[in-house]
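The values are calculated or read from the model by the stated rules, or taken from the named source; none is laboratory data. Keep in mind the model is a prediction, meaning the values are calculated, not measured. No Cβ is skipped: glycine too gets one built from the backbone with ideal geometry, and neighbour counts run over all protein chains shown. Remember, those area values only see protein heavy atoms, side chains included, never the ligands or the DNA or RNA. Shrake-Rupley method; radii C 1.70, N 1.55, O 1.52, S 1.80 Å.
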Amino acid sequence: MAGRFFSQLGQTLLISWGIITLLFLLTRTLPNEQDLLARFASSSVPLAASAQQLQVAQAQARHRLGLDIPLFYLTQADVSEAPLAPRWRWTGTQNQYHRWLSKLLQGDTGQSYRTGEPVGELLRGSLYHTVSLTLLSAALLAGLSLPLGIWLAVSGRRLALATLFALDTLPLFVVALLLLLFLASPDMLALFPAYGLGTDAVSFRSAPINYLSYLVLPVASLVLTGITAPAVQLAGALQVEIKKEYVLAARAKGLSAAEALRRHALRNALLPSITLLTDLLPNLLAGSLVVELIFALPGFGRLLAEAAAARDFPVLLAGVGLVVVVRQISLWLAEALYLLADPRLRNRPA
Amino acid sequence: MRLLPSLVLLLVLCGALTGCTASTDSADTIRIRWPSDPETLDPLLVSSPQALEVINLLHCSLLTSNPEQLQIVPWLVESLPKISRHDSLTRLTYQLRAEATWDNGQPVLARDVAFTLRVMHCPGLPTEFARAQYGFVQEIELDSADSRRFTLICSSASPDIVLASGDYSILPEYSLDPLGTLRAVPLALLRTDTAEAVRRHPALRAFAARYRQAQLSRHPDRLPGCGPYRLKSWESNRYMVLERKAGWWANRLPKPPPWLQARPEKLAYQIIPDNTTALLALRRGSLDLYPMPTARDFTAMRASADTARLAFYTADSYDMLVVGFNTQRPMLRTAATRRALSLLFNIPDLMQATHQGLAYRSVSLINPHDRLAYQDSLPNLIFSPVEARRQLQLAGWQLRPAGGWWNGKIGPLALRISYHAGATEHETVALQFQAAAARIGVEVQLRPAEAGLLQQQLATGDTDMFIRKTSGNPFAYNFMPLLHTRGIGLINYSRFSQPAADELIEAITAEPSPERHARLLKRFQVLLRRESPLVVLYFTRNRLITTRRVTSVRTLSVRPGYDVLSLQLASAKP
């Protein structure tokens, strides 16, 4: 059991490292050295600098950001001067990747290109709001999908099922905008705030009701678009289990239909839901980007989107790295929960 | 399932409670929408329009612009500088206002200006932009008899350097370098030999470390300014609140001009990325001012029932939409081909489609409002595929029976038009051009690209044609980066290079007499039309929506499109 645990942990770490390395190399192949020129091009102040001054400034900026050294241990050599020379050149440890990885292993994720702030601080600040949003949504999804699934399995309401499927087909941004237009608009019901978290230092600790009221529509958007899959999946699994003989035996022993379902069928039907529920957190994290943009919430999704648009690579890499790790942990968690829930899997050879 | 109604009830109660408490702190505050966070508020690193707007409220520079008459006016100084020329150097002598003080009451002195210039060039700081932009200031001479008087020695003879010499925020030496460790460092040495400067003055390294450690980008409260406002709070990606200083130095002036008067008590910038959400907030009264809504939203709102609660403003801006030809591409090398292709833009229809008419035409890069310099004898470009076909033939192109145009030496006429992916305005222009070109048999391929990629394509010349937005400048005309040979590889994306044009651009940059300057500009516009490296489609109008709660709204043709200092609340008006 312990061997299996460590082997899977090792795999998880290796995959995460592979993905982040690939992302590092991919992001650095994108053009980013024109940033300073772009800034001159968009400046409304008359440009007083000469072409030479601009090039010097550009070189200084690249040096400051550490972009003037080779990207990786192996760099493509310029073969135009010596056609017979090898195409690839070993650059040693003085390369961008080595420098970045060494710092990362020491817990230093670097500084944002845009603001100069430590990336760790930026991520922490943005996660504060996103975690409240996603955990609240995840808890509601888990809490609501269970009774909803049971109800659907027992009652078999087709209208409810059709409504859920219709909700599932709607993209998240449409649901979010519809909620906004129905529940935060002066033309309909202006029940909830339209954006943000208020101008005061509103936090869950200082003003929980006020804080929660700002989260109602964002959370509702995530719950409404995410509830169909777990509820319908559970209902389907329950309907299969109900027809099995062990449920019939339970009924024959005198249990009511509801009791037989709750005590016997539900545990077996929940197995596939484990995968869905462990996938929930990464999916909600992805969904939070849309919700944060529409409801003007400061959060992790928005930070990543803005970092990607502005080519703020340190923030982007750290953010995506975090998502990769969470995703890998959730997959690993799903496996562990499976082993716990189903004794048959534990005896299977690895 | 029985829990569900209770849950819904609880949520509705939450909403109702918020509704009651939401507007309690907005009585003396003007709330303005921003689409994104300013990101950094270090005056020397500032780049976004939002940051620039706030920096001009927290700090003062030597000069500013009179937003209504579009003139350069003195801000921290008493008057425009006295200019004298010695060989190739220009000396600009400034006198700081006697009233100008920092928040602690200490006067703003010439040594603060010298300190600011040294900080710009201090090694170890991310100030490359400022270093390049203000690198023409070679040295500063402080007047030993008057601590408020100083002279900037500049390497350029262009009249445009007057504005550039005074448009950076002045930093307080007393706060950032109380011991005056940078005073001994000559600016000329800092500019020319950084390594030697650090070797001779190790204090530079310690100063840079202190400056970086202060993280002024995110903690502007650690940097006192001499502007009319101070930062009250800033929650990244949420809001920023500025509060008017009770004892701002300009209040002591007997008759302060409008740019030295600050009316709003508090300004709360609300960061709302989504346009629909921002409009909803405005209609609900959670916002007071919405600058630059999309032209579609602006027109729709103006036609809606909300006009009783909202007010709508427009102002002619200096932003223009430009189409450029890569003049180094063999098929686009002749001006006649470029002129022929310019006739394929249906500009009036494009103005209507992209801006619902909230745009105006110009024959060149010069704004029609500059009556002295605008070449009004040039006719507007007409949309005429028939004439374009005729001119292509005159340019040596032949329509082949199998379709497509061919020029014996050059090959086929097949164009790729690059633009920013996701910019619907650019896409509309590209589609219209593609359709018009198809009518006369010219093949056009659309090439939308992500912003960074497009920038790279433009700088390396990997385009045939491009569409981009350009901001004109009402205070100066400097075509050196845009159309001079030396701008190729930098901002001269059309890669236009012609000795006559270079000479004319240099003459425009150096000409001090306004009349001769205007005449040169008119000649340049004629040359531009003849050579057509760029086609100006239209200038746009700034748009602004406010609630009726806000009064004294002054719209501007320059960014941010309104004069924030003049805004007043209806209840606060005397």
Residues in the range B:250-275 that are over 25 Å from the mean Cα position of the chain (by Cα) and assigned to a helix (DSSP H, G or I): how many? 3
For B:R183, are the conditions met, namely being open to solvent by 50 Å² or more (accessible area, probe 1.4 Å), closer than 21 Å to B:L44 by Cβ and touching a helix residue (DSSP H, G or I) at 6+ places or on another chain (Cβ under 8 Å)? yes
Please tell me if A:R158 is in the same structural domain as A:A286 (by TED's automatic domain parsing), farther than 15 Å from A:V216 by Cα, modelled with pLDDT under 90 and surrounded by fewer than 15 Cβ atoms within 10 Å (Cβ to Cβ). yes
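Taking the condition of being within 22 Å of B:R338 (Cβ to Cβ) and either in a helix (DSSP H, G or I) or open to solvent by 30 Å² or more (accessible area, probe 1.4 Å) (or both), how many residues in the range B:354-373 meet it?
Residues in the range B:354-373 being within 22 Å of B:R338 (Cβ to Cβ) and either in a helix (DSSP H, G or I) or open to solvent by 30 Å² or more (accessible area, probe 1.4 Å) (or both): 1 in total.
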Can you name the number of the only condition in (1) hydrophobic (A, V, I, L, M, F, W, C); (2) open to solvent by 10 Å² or more (accessible area, probe 1.4 Å); (3) under 25 Å from B:R495 (Cβ atoms) that B:I347 fails? (2)
Name the pairs: first residue in the range B:498-510 and touching a residue at least 24 places away in the same chain (Cβ under 8 Å), second residue of a type in the set (D, E, K, R) and open to solvent by less than 40 Å² (accessible area, probe 1.4 Å), Cβ to Cβ under 9 Å, at least 6 apart or on different chains? B:Q498/B:E531; B:A501/B:E531; B:T509/B:D160
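Is it true that some residue in the range B:415-424 is touching a strand residue (DSSP E or B) at 6+ places or on another chain (Cβ under 6 Å), hydroxyl-bearing (S, T, Y), more than 9 Å from chain A (Cβ to nearest Cβ) and on the phi < 0 side of the Ramachandran plot?
yes
If only one of A:L277, A:L234 is open to solvent by 60 Å² or more (accessible area, probe 1.4 Å), in contact (Cβ under 8 Å) with a residue 60 or more places away in the chain and either among the acidic types (D, E) or under 24 Å from A:W332 (Cα atoms) (or both), which one is it?
A:L277
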Within the range B:191-219, which residues are touching a residue at least 60 places away in the same chain (Cβ under 8 Å) and under 29 Å from the mean Cα position of the chain (by Cα)? B:R191, B:A208, B:Y211, B:R212, B:L216, B:S217, B:R218
What's the number of the only condition in (1) surrounded by fewer than 20 Cβ atoms within 10 Å (Cβ to Cβ); (2) of a type outside the set (D, E, K, R); (3) within 14 Å of another protein chain (Cβ to nearest Cβ) that A:L339 fails to meet? (3)
Matching residues in the range A:258-302 (within 14 Å of another protein chain (Cβ to nearest Cβ), within 22 Å of A:L180 (Cβ to Cβ) and in a helix (DSSP H, G or I)) number 10
Only one residue in B:Y269, B:Y239 is surrounded by 18 or more Cβ atoms within 10 Å (Cβ to Cβ), of a type in the set (S, T, Y), closer than 26 Å to B:S217 by Cβ and at the interface with chain A (Cβ under 8 Å from one of its Cβ atoms). Which one? B:Y239
Would you be able to say whether some residue in the range B:275-285 is within 21 Å of B:Y229 (Cβ to Cβ), in the same structural domain as B:I545 (by TED's automatic domain parsing) and touching a residue at least 40 places away in the same chain (Cβ under 8 Å)? no
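Results for (1) within 13 Å of chain A (Cβ to nearest Cβ); (2) at negative phi; (3) at pLDDT 95 or above; (4) part of a strand (DSSP E or B), shown as yes or no for each residue.
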{"residue": "B:E141", "(1), (2), (3), (4)": "no, yes, yes, yes"}
{"residue": "B:S147", "(1), (2), (3), (4)": "no, yes, yes, no"}
{"residue": "B:T151", "(1), (2), (3), (4)": "no, yes, yes, yes"}
{"residue": "B:A157", "(1), (2), (3), (4)": "yes, yes, no, no"}
{"residue": "B:V162", "(1), (2), (3), (4)": "yes, yes, no, no"}
{"residue": "B:L171", "(1), (2), (3), (4)": "no, yes, yes, no"}
{"residue": "B:Y174", "(1), (2), (3), (4)": "no, yes, yes, no"}
Can you tell me which residue within the range A:97-109, out of those that are out of contact with any Gly (no Cβ under 9 Å at 6 or more places or on another chain) and not polar (S, T, N, Q), is nearest to the other protein chains (Cβ to nearest Cβ)? A:Y97
Report, ordered by the first and then the second residue, all pairs with beta carbons closer than 6 Å, sequence separation of six or more or different chains, a first member in the range B:384-399 that is without any contact (Cβ under 8 Å) to a residue 12 or more places away in the chain, and a second member that is open to solvent by 40 Å² or more (accessible area, probe 1.4 Å). B:Q398/B:W406
Only one of B:L521, B:L537, B:L565, B:L544 is surrounded by 20 or more Cβ atoms within 10 Å (Cβ to Cβ) and closer than 25 Å to B:I161 by Cβ, namely B:L521
For the range B:346-364, indicate whether the set of residues that are at pLDDT 95 or above and within 14 Å of chain A (Cβ to nearest Cβ) is non-empty. no
Every residue in the range B:30-50 that is assigned to a loop (DSSP other than H, G, I, E, B), open to solvent by 20 Å² or more (accessible area, probe 1.4 Å) and within 26 Å of B:L569 (Cβ to Cβ), please. B:P35, B:S36
